[in-house]
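These notes are about the structure you will find just below.
Here, each number is a calculation from the coordinates, and none is a lab measurement. Owing to the predicted nature of the structure, the values given are computational and were not obtained by experimental measurement. Please note: Cβ atoms are built from the backbone with ideal geometry, for glycine as well, and neighbour counts cover all protein chains shown.
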Amino acid sequence: MKTWRRTFDMLLGRRPDPIQVGAVCRDPATGQILLITSRGTGRWVIPKGWPMKGRTLSGAAAQEAWEEAGVRGRIRPGELGRFRYDKAQDEGFAVPIDMRVFLLDVDSMTDDFPERRQRKRRWFAPQDAARMVVEPGLQQILAGLPDRALPTAPVKTRKG
């Protein structure tokens, strides 16, 4: 069915919606989720961005987690979920985006990361994180995560 739909869309000159990748950054010791503020509106979001040449989708999500939130960890290769949203453009219109979301179990966190001056970050319980984000699809993904600690070591935080 999807192959037929894709062929039909191509014959009509339609392009698929662009995709972005995002990382749900989880502290495996507490189960908490790290949210960051967006640069434009300051609302709570997950680290996300465009696919990167030479990286898998999950690898690109892990890179975004480092650049936007200053975390490193083990990214799961399989998708945690997908959702669609409209990405506002500077020109005043929005573009539909197909978001692919991956789970990153955070091993370490630093205060020195590329976008440290542009964003705030904060840990939330999954249910609270779901209430803080705007996108219904992301709310559903976050609300489906366990709200409990998992048996593992806590996240290491370092300065600089």
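Sequentially through segment 75-89, phi angles give Karplus couplings (6.51, -1.76, 1.60; θ = phi - 60°) of 8, 7, x, x, 5, 6, x, 9, 7, 10, 8, 9, 8, 5, 10 Hz, Gly and Pro residues having no value and appearing as x. Distance between the 7 Å Cα→Cβ label points at THR30 and GLN89: 4.0 nm. For segment 20-158, what is Rg from Cα atoms divided by 2.2 N^0.38 Å, rounded to two decimals? Cα Rg divided by the expected 2.2 N^0.38 Å: 0.98.
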